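The structure under discussion appears below in the form of C-alpha cells.
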Amino acid sequence: MKSDASAEKRRWTVAIGMGVAAILVFGSLFRAPRPRALPAPAARPSVILAPPDTLLGEETALRDPAPLSLPTEWNSRPAPPERDPGVAFASYPPETRFTTDALALVLPNDVPPKPAEAQLSNSPGNPLLGLGRTDAPVPVLSARGGLLEIAAAGTGEPVLSAILADAHPPEGVFWRPLEFIAAVDAAGLVGPLVLSVPSSSDSVNAYFEGYLAQTFRVGERLAPGFYHLRVEP
C-alpha cells in the first residue's frame, strides 16, 4: 500500500516537472512587445534677420500690395521749406548778355537769299528737302490712257510693260486696276481675253478687252503661252 502511494507521488512529481518544463519552453517562444522608438522631432523653421540689403528692400517695396493711394516714401515726402529766391541767389550778381535797348545779333556775311537755300547751309543737310522745300520745278506727267504690265502665268516673270498713250477709256469714270488672262499660240490669241479681276466700271472692262485684242494686238507681241495682263490708270 505504501509502495503504491510512493509510485503515485513520483508520477505526480514527474508530471508537474514536465508541465513546468513545457511552460518554460513555450514561454521562451513569446516576448513582451518592446516600446516603439519615437521619431526625432523635425527641426522647426526659424527666422534669421539678415543684414539690410538696399536692392532687396526696394524689390520688397515694389511688391507691396498696399494701395498706391496711401502715402509712402516713394510717392510722397514732406514739403521742403520754401526759400526766398532773393536770399538764395544774393551772392550771384546778374550777368547781362544783351543790351537793354536793342538785340544785337551777329549774322554771317553769306546769308542765303532764299529760305530754301538756308536749309542747305547746315551740313550734311536737311533730309526733308524733297517735301516741297526746294525751288526745283516739278515735271508734268504726260497724259496716258493706262499702263499695261504683262507677266508669265506660270512663273510670274515680267514679260512686257507699255504705256497705253493712244488708249481712251470712258471719261469721267473712276476705275480700279483690272486684270485679264490671255492664251497665245503661234497664230496669236486663242479666243477672247478672260477678265479675272474686274475694275469698278463695266464700260472700262469692255473697252480694254477690245483695245488689247484689236488695237494693241497683244497676241502678236507675245510668244506662245499663258499670261496675266494688268492694266492700271
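The values are calculated or read from the model by the stated rules, or taken from the named source; none is laboratory data. It should be emphasised that the depicted structure is a prediction, and the values quoted were computed from it without experimental measurement. Don't worry about glycine lacking a Cβ; one is built from the backbone with ideal geometry, like all the others, and counts go over all protein chains shown.
Listed values, structure above:
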| quantity | calculated |
| --- | --- |
| First in region 170-185 and farther than 15 Å from Pro198 by Cα, second anywhere and surrounded by 12 or more Cβ atoms within 10 Å (Cβ to Cβ) and among the β-branched types (Val, Ile, Thr), Cβ under 6 Å, 6 or more apart | Ala183/Val190 |
| Positions within region 169-197 being on the phi > 0 side of the Ramachandran plot and not in a loop (DSSP other than H, G, I, E, B), in sequence order | Gly188 |
| Some residue of region 196-219 being within 43 Å of the chain's Cα centre (by Cα), surrounded by fewer than 11 Cβ atoms within 10 Å (Cβ to Cβ) and either of a type outside the set (Phe, Trp, Tyr) or modelled with pLDDT under 90 (or both) | no |
| Scope region 198-214; condition outside any helix (DSSP H, G or I), touching a Leu at 6+ places or on another chain (Cβ under 7 Å) and either of a type in the set (Gly, Ala, Ser) or in contact (Cβ under 8 Å) with a residue 24 or more places away in the chain (or both); matching residues | Ser199 |
